[in-house]
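Okay, structure first, notes after.
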Amino acid sequence: MKEFLATHTVEAVSIIIAAITAIGVFAGPWFAGWRQRKNMEQDRKLRAHFEHLKRGAQSVISLARGAGNEYGRVEFGTSQIAGSFKAHFSGEWEEWTKWVEKAEKHNHDYEGFRQKIEKDFESKGIHVKSDIQSQANTCILTDVLNPLFVRWRELAEGKRPWVDFQKIVSIPVESGYLLYAGGWEASVVAFAKSKDEQEKCESALAEVAKDEENQGEVAKLNNSANELVEQAKGFADKFAGKLDDIHEFWPGKRTNKFEKLKKICPYCKELF
C-alpha cells in the first residue's frame, strides 16, 4: 500500500509540475506581452500629458523672453497656469512667481516715482493731464516722463543726452501752443494757452529736468529694470533647455525626468 501511494504520489507531483510548466510556457509570454502593452500605453498617456503641459510651459517662456525695460518700467505679460503645470514644474513655477512679484514691486516703485514728478509740476502751479482735451487749459502731459527718463538715464550712464529740456520747441495751434522737448518729437510734453503760460511751462520743464535727485532715482530704476529683464531671459533659456532635454531623452535625464505624480497632479490621478 505504501509503495502504491509512493508511486502514485510521485506521478501526481510530476503531473502537477508538468501542468505548471505548461501554463508557464504559455502564460509567461502572454503576461510579459500584457505588461509591455500596459507600460507602452501608460508611456503614451504620459507623453501626451507632457506635450500638453509643454505648450503651457512655452507660453511662460515666451512671457519671460518678452519682458522689457520700457522707460524704467518692466513690461511683461501674464497667463493662467493649470494646476498640473504647477505640479510637474514646481521649481520653475516658484521661480517665475517670485520674479513676477519682484517685477510688480519694481513697477510699484516706478509708479511712485512717476507720481513724484507729477507732484513736482503741480507744485509749480501747472496741472498734469493724460491728454489735451477740447478747451484745454495750460498743462504738462503725462508723456513728459518718457523723454525725461531718457535724458536722466543717459546722464547717469555718462552719456551726452540728446533730449534737451532747455530748448523747448513750440508749435502754434488754434487754441494755443504745443510744446516738445528738444530732440524729442515723438510726443507733446506740454500745452500752453498763451506765450506767458508757455514761458511758465518751459521754466518748469527745465527746472525738473535738471534735478540731480531725479537723475539718481532713474539710475536705480533703470539698473533694477535691466537686471529683472536679464533674470527673466535667463529663466526662459534654462526652462527651454529642460523641456528640450525631456523631449530628446524621453522621459528625460536623471535630474530632469517627467514622471507620474498621482498624489499632486489632478490630471495624473485621472490618467493613471
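Residues in the stretch 66-100 that are small (Gly, Ala, Ser), closer than 15 Å to LYS238 by Cβ and buried (at least 19 other Cβ atoms within 10 Å of the Cβ): ALA67 alone.
Please enumerate the residues belonging to the stretch 201-216 that are closer than 18 Å to ASP143 by Cα and in a helix (DSSP H, G or I). Within the stretch 201-216, CYS201, GLU202, SER203, ALA204, LEU205, ALA206, GLU207, VAL208, ALA209, ASN214, GLN215 qualify. Contact annotation: residue pairs with Cβ atoms under 7 Å, 6 or more positions apart or on different chains, pairing a residue in the stretch 65-94 that is at negative phi with a partner that is of a type in the set (Lys, Arg) and at pLDDT 90 or above, are ARG65/LYS233; TRP93/LYS86.
Across the stretch 236-272, the number of residues qualifying as not β-branched (Val, Ile, Thr) and not in a helix (DSSP H, G or I) comes to 16. For LYS260, the conditions (1) of a type in the set (D, E, K, R); (2) more than 30 Å from ALA190 (Cα to Cα); (3) surrounded by 13 or more Cβ atoms within 10 Å (Cβ to Cβ); (4) at pLDDT 95 or above are fulfilled apart from (4).
The values are calculated or read from the model by the stated rules, or taken from the named source; none is laboratory data. Note that the coordinates shown come from a computational prediction; the quantities given were computed from them, not determined experimentally. When we count neighbours, we look across all protein chains shown, and the Cβ atoms used for this are built from the backbone with ideal geometry, even at glycine.
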